[in-house]
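J.: Before I ask anything, here is the structure I am working with.
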Amino acid sequence: MLRFISGRLLKAVVILICITVLNFFLIHAAPGDPAAVMAGEAGDSDAAFLQQLRERFGLDQPLYVQLWVYVSSVLRLDLGYSYRQQLPVLQLITDRLPATLILSLSAFIISLGLGVLAGAFASARQGKWADTIISLVALVFYATPLFWLALMAVLLFSVELGWLPGFGYETVGAGYTGIWRALDIFKHLILPAMTLGLFFMAVYARMTRASMLEVGRLDFVKTAKAKGLRPGVIQRRHVLRNALLPVVTLAGLQAGQLVGGAVLIETVFAWPGIGRLMFDALSQRDYNLLLGVFVVSAAMVLLFNLITDVLYRLVDPRIKVSS
Amino acid sequence: MRRLLSASLALFLTASAAFAQAVPGGKLNLIVQPEPPSIMIGITTNGPALLVGGNIYESLLRYDENLKPEPSLAKSWTISDDGLTYTFTLQDGVKWHDGQPMTSADVLFSVNDFLVKMQPRHRNLMTHVESVTAPDDKTVVFKLKEPFEAFIRGLSFYTMPIVPKHIYEGTDYATNPANEKPIGTGPFKFAEWKKGSYIHLVKNPDYYIKGKPYLDELYYQVIPDAASRSVAFENGNVDVLPGGSVENFDIPRLKDLPNTCTTEKGWEYFAPLSWLWLNNRKPPMDNVKFRQAIMYALDRDFARDVLWNGYGKVATGPMSSKLPFYKNVEPTYAHDPAKAKALLKEIGYDGKPLKLLPLPYGETWQRWAEAVKQNLGDVGIPVEIESTDVAGWNQRTANWDYDIAFTYLYQNGDPAIGVDRNYKTSQIAKGNPFNNVEGYSNPELDKLFDQAAVAYPAAKRQELYDQAQKTLQQDVPVAWLLELGFPTIYNCKVQDIVTTASGLPESMRDAWIKK
């Protein structure tokens, strides 16, 4: 197991470097550069101003020099400096990472928990009313665009009913501390986490249901039934456990999105996370920051892939891990 | 006489409103959109940065809605009869936010050193200045090379924010840590910036005007989605939506909410004017009759009434009507598709399609591009819309890679500062997304503008600018659209929210909340 993990980590570093180089070229292939964007925003500029900015950003260097400077600094675990925001990239990212992790992890737990539960319940009631309703709701959430759901949720729960705050991470200027602050953040978290979780909840529900129905037809389940086990025990111990493998695969995918997957939700709910940071960096051509976010999210994806593979083995010990 | 009487009555009323009833205390939530890269406005000069930074940094003067100079850091000033020497006397008791006194040495450092290196607008203004000196701690003297009457309107926080010498001298200005925690002389002090969430300013208790500012705290909230910003105002989480914070189609709905006030004031200094850049280098845009045909084809009243909800004004020519020296001169171009068609027929236009670049600033601009496409299509000019993001738009216009492109530019208080830059031959520079991007070159007009800039006194300038406006309106180097109106939407409990020609960035000094 240890050898497996260390081998995978080594591979991950190589992949990470390849991703960094690839991203570097992709970003520089986009039209416009940060100097042009900043000059544009200033409403007025002259050649000296543009030259000044380009020198400050290192954009006057040939591309291969810029690439070398960047990759070598990443290897030293230095993600560079964001000239636009005038802060080190690492600091910008670590400032925003907690907000995104809280949001995405909550969405992850909500969707996985409720999704598997709903799917299991629906499969147990196959063909009955409950099954139909769960399948229908899952289909709707699966098919509806996230931002629309988000706006509707704000209109209903925030504007109409006034139950929950419609945007932000916490109440600005309220000065809460300790438990009250946590509670305040929790209230702000509910709407974005629910909306972000709905899509994957629907996917998990549909997948769990289908997978459980399939496993339920297998011989060992028939044997269990013949032994006279109670249906609840059969569903839990025999069917669900075996049906979970595809769900774990998918959960690994969703976990990989923990960092970068919430751009839309973070925008609609003004959630100060990494997704928005990435989007802003993209539209402002803030190269160092954008590459930094990419590196961090790629590292997360690789990490979660590794965790998923380890989890496979825990869920089903028959699966062998090898590097 | 009656006019004078009512004017002084009005003055008395506003004065009494400001001094007799203003109550101290309270906090205000505003929107800043998009989140600025920095609020050190000596370096970063975009709109959002100014909105916040204008409360922290001040300049020598501010301007009323008619662009008449008013005291700010300078309490008084004199201009010599030959128009060459400007002498400013600074306010007493002005302190930087770290407690150091502000003196003429700071002004000298800012205008001679810091801003010349960091700020293109200031750099342009200083080309007219021979020297700046300080005979004593409280006096600053600008000596001009030639009379430049516009100079007195170029001294706002927007062009010439005074920055602290003791913080910046001898450092790398661009990376000085004080850029993150700005230190100015303004009515509000920087408290905290939670990136992605809000910028928090607090009252400066040592402000040199006793009793001001009235408000204790300002929160500038960052809400990236336009629909969410409307909701935030609707919910009462935000008290003030600065102009341009919400999509235009949301304005009528928000305006009808109880306790909601709007004003179009506070944009007189910037006086944003929108137009279509017509790439004068390329046929058929190199033909003046083709350009005139475009002017006749555009239904600008429709754009104002439908796309901009009636805000703004149809532009008559290169100058906004809010600007000094503006005059309504002929020819102006009313919507007349028949005339446009006749002109196109006259020049034998072959129906070659044109590429149109909309501005990537939200829904209204997208819709406007579609309306223009339809207007031009109606007279037989086929148009393809090519959308880009902001970075791509800057690159394409800067490299002249377009046929027609939307834009709007600030007029900056005087035609010699904010208008002639778009039409003079000397301003053509590849790689720059501003000024003479259309590639128009007319030596006669260059001469007119050059003379008008330095003519003295103002009456002489008026004649020359009348002539320049006439010439440009005949030549149509760009197709003028609207003097844009960006209404500020706010909760009616907030008083004196706009008190200068630059609006919100400066007015928080005077704003207060009715209990």
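J.: Per residue of the stretch B:461-471, what does 6.51 cos²θ - 1.76 cosθ + 1.60 with θ = phi - 60° give for ³J(HN,Hα)? Whole Hz please, x for Gly and Pro, Karplus curve as stated.
T.: Taking θ as phi minus 60°, the curve returns 5, 3, 4, 5, 5, 4, 5, 5, 5, 4, 4 Hz for the stretch B:461-471.
J.: At B:I385 and B:T85, where each label point lies 7 Å from the Cα along Cα→Cβ, what is the point-to-point distance in nanometres?
T.: Here the modelled spin labels are 5.9 nm apart.
J.: For the protein assembly as shown, would you read off the P(r) tail past 39 Å as a percentage of all alpha carbon pairs? Write out the running numbers ahead of the final one.
T.: Values: 165624 of 350703 pairs.
Counting pairs separated by more than 39 Å, the tail of P(r) holds 47 percent.
J.: As an exercise, identify the trypsin sites (Lys or Arg not before Pro) in the stretch B:184-213 lying in DSSP coil whose Cβ has no more than 13 other Cβ atoms within 10 Å.
T.: Within the stretch B:184-213, the qualifying trypsin sites (Lys or Arg not before Pro) (loop, at most 13 other Cβ atoms within 10 Å) are B:K210.
J.: How much length, in nm to one decimal, is gained on full extension between B:N399 and B:Q462, taken as 0.36 nm per residue of separation minus their Cα-Cα distance? Could the numbers behind the result be given before it?
T.: Working: separation 63, 0.36 × 63 = 22.68 nm, distance 3.45 nm.
Full-extension gain reported as 19.2 nm.
J.: Show the residues, 5+ positions off or on another chain, whose built amide H is closer than 5 Å to the amide H of A:S82.
T.: When sequence neighbours closer than 5 places are left aside, the close amide H contacts are A:L87, A:V89.
J.: Next question. Of the heavy-atom accessible surface of the stretch B:91-188 (probe 1.4 angstrom), what whole percent is carbon and sulfur? Let's see the in-between values first.
T.: Details: 1720 of 3420 Å².
It is 50 percent, rounded to a whole number.
J.: List the residues of the stretch B:208-230 that lose 50 Å² or more of accessible area once all protein chains are present, compared with their chain alone (1.4 Å probe, heavy atoms only, no ligands or nucleic acids).
T.: B:P224
J.: Suppose we flag trypsin sites (Lys or Arg not before Pro) only when DSSP calls them loop and at most 11 other Cβ atoms lie within 10 Å. Which is the longest uninterrupted stretch of chain A?
T.: Values: sites that count: A:R76, A:K128, A:R217, A:R318, A:K320.
In chain A, the maximal stretch lacking such sites is A:218-317.
J.: Calculate the length of the line joining the C-alpha centroid of the stretch A:142-215 to that of the stretch B:53-90, in whole Å.
T.: So the two Cα centres are separated by 52 Å.
J.: Something else: Relative contact order, percent, of chain B when contacts are C-alpha pairs under 8 Å separated by at least 6 residues?
T.: Working: 1064 pairs, mean separation 106.7, N = 515.
Computed over chain B, the figure is 21 percent.
J.: Once you have all Cα-Cα distances for chain B, histogram them in 20 Å bins from zero and send the whole-percent values.
T.: For chain B, the binned pair fractions read 22, 54, 23, 1 percent.
J.: Compute the convex hull volume of the Cα atoms of the stretch B:253-316, divide it by the residue count, and report the result per residue in Å³ as a whole number.
T.: Convex hull volume per residue, Cα atoms: 112 Å³.
J.: For chains B and A, what's the summed buried accessible area, probe 1.4 Å, to the nearest 100 square angstrom? Mind dumping the intermediate values first?
T.: Details: alone 20990 and 18150 Å², together 35300 Å².
Using a 1.4 Å probe on protein heavy atoms, the buried area is about 3800 Å².
J.: Now a separate question. So, R0 is 25 Å and r is the distance between the beta-carbons of B:D98 and B:K75; what FRET efficiency does that work out to, to 0.05?
T.: 0.65
J.: Below 8 Å, C-alpha to C-alpha, sequence gap of six or more: please give me the relative contact order for the stretch B:425-500 in percent.
T.: Values: 38 pairs, mean separation 15.0, N = 76.
With pairs under 8 Å counted, the relative contact order is 20 percent.
J.: Need the C-alpha centroid separation for the stretch A:77-133 versus the stretch A:266-280, integer Å.
T.: The two parts, judged by their Cα centres, are 14 Å apart.
J.: In the structure shown, do any of B:K27/B:K203; B:K138/B:K189; B:K313/B:K341; B:K75/B:K95; B:K145/B:K165 have a Cα-Cα gap over 19 Å, and if so which?
T.: Pairs exceeding the cut-off: B:K138/B:K189; B:K313/B:K341; B:K145/B:K165.
J.: What fraction of the Cα pairs in the stretch B:283-387, stated in percent, has a spacing above 17 angstrom? Provide the component values of the computation, followed by the final result.
T.: On the way: 3197 of 5460 pairs.
Tail of the P(r) past 17 Å holds 59 percent of the pairs.
J.: While we're looking at this one, here's another question. Quick check: at a probe of 1.4 Å, how many percent of the accessible area of the stretch A:218-323 sits on carbon and sulfur atoms? Spell out each step's value before the answer.
T.: On the way: 3150 of 4970 Å².
Ligands and nucleic acids excluded, carbon and sulfur reach 63 percent.
J.: Could you tell me the calculated FRET efficiency between A:N305 and A:H28, based on Cβ-Cβ distance and R0 = 35 angstrom, to the nearest 0.05? Working shown, then result.
T.: On the way: r = 28 Å, r/R0 = 0.79.
Given R0 = 35 Å and the Cβ-Cβ separation, E is 0.80.
J.: 7 Å from Cα along Cα→Cβ at both B:A105 and B:R253: what's the point-to-point distance in nm?
T.: About 5.7 nm separates the two model spin labels.
J.: Measure nothing fancy, just the Cα-based angle from helix A:47-57's long axis to the longest principal axis of chain A, in degrees from 0 to 90, nearest 10.
T.: Roughly 50 degrees between the two axes.
J.: Give me the 1.4 Å probe accessible area per residue for chain B, excluding ligands and nucleic acids, in Å².
T.: Accessible surface, normalised per residue, equals 37 Å².
J.: Taking all protein chains as present, what is the carbon and sulfur share of the accessible area of the stretch B:368-515, in % to the nearest whole number, probe 1.4 Å? Walk me through the numbers before you get to the answer.
T.: Details: 2220 of 4690 Å².
Carbon with sulfur: 47 percent of the solvent-accessible area.
J.: Under the Kirkwood approximation applied to all pairs of distinct alpha-carbon atoms, what is the hydrodynamic radius of the stretch A:210-262 in Å?
T.: Values: mean 1/r = 0.0805 Å⁻¹.
Roughly 12.4 Å, rounded to one decimal.
J.: In addition: Could you give me the ³J(HN,Hα) list for the stretch B:27-44, computed from phi with Karplus coefficients 6.51, -1.76, 1.60 and θ = phi - 60°, whole Hz, x at Gly and Pro?
T.: 10, 10, 9, 10, 9, 10, 9, x, 4, x, x, 6, 10, 7, 7, x, 10, 9
J.: Here's a follow-up. Can you give the mean number of other chain Cβ atoms that lie within 10 Å of the Cβ atoms in peptide B:168-176? It would help to have the intermediate numbers written out before the result.
T.: On the way: counts 0, 0, 0, 0, 1, 0, 6, 4, 1.
The shielding value for this peptide is 1.
J.: How large is the accessible surface per residue of chain A, computed with a 1.4 Å probe and reported in Å² as a whole number? Before the final figure, lay out each step's value.
T.: Working: 16230 Å² over 323 residues.
Spelled out: the 1.4 Å probe surface of chain A, per residue, equals 50 Å².
J.: Would you please state which residues of the stretch B:158-184 a label at B:T133 would reach in this model, taking the label point 7 Å out along Cα→Cβ and a backbone N cut-off of under 17 Å?
T.: Taking a point 7 Å out along Cα→Cβ of B:T133, no residue of the stretch B:158-184 has its backbone N under 17 Å.
J.: Just to confirm my numbers, what's the Cα centroid distance between the stretch B:253-318 and the stretch B:166-181 in Å?
T.: 40
J.: Here's a follow-up. Taking the Cα centre of the stretch B:114-155 as origin, work out the dipole magnitude from +1 charges on Lys and Arg Cβ and -1 charges on Asp and Glu Cβ, in debye rounded to 20. Working shown, then result.
T.: Values: 7 positive and 5 negative charges, 48 e Å.
Value, rounded to 20: 220 debye.
J.: Another one. Where nothing but the Cβ of Lys and Arg (+1) and of Asp and Glu (-1) is charged, how large is the charge dipole of the protein assembly as shown around its Cα centre, in debye to the nearest 20?
T.: Working: 81 positive and 79 negative charges, 742 e Å.
For this selection, approximately 3560 debye.
J.: May I pose another question? If R0 is 51 Å, what FRET efficiency do you get for B:Q451 and B:E180 from their C-beta distance, rounded to 0.05?
T.: Numbers: r = 45 Å, r/R0 = 0.89.
Given R0 = 51 Å and the Cβ-Cβ separation, E is 0.70.
J.: Taking chymotrypsin sites (Phe, Trp or Tyr not before Pro) as exposed when DSSP calls them loop (any state but H, G, I, E, B) and at most 14 other Cβ atoms lie within 10 Å, what is the longest stretch of chain A free of them, the sites themselves excluded?
T.: Details: sites that count: A:W163, A:Y176.
Answer - A:1-162.
J.: For the stretch A:200-323, what's the radius of gyration and Dmax over Cα atoms, in angstrom?
T.: For the stretch A:200-323, the Cα radius of gyration and maximum Cα-Cα distance read 20.1, 66 Å.
The values are calculated or read from the model by the stated rules, or taken from the named source; none is laboratory data. Predicted model, so just to flag it, every value in this text is computed and none were measured. Here Cβ is always computed from backbone atoms with ideal geometry, including for glycine, and neighbour counts include all displayed protein chains. In case anyone asks, the SASA skips ligands and DNA or RNA and just uses the protein heavy atoms, side chains included. Shrake-Rupley method; radii C 1.70, N 1.55, O 1.52, S 1.80 Å.
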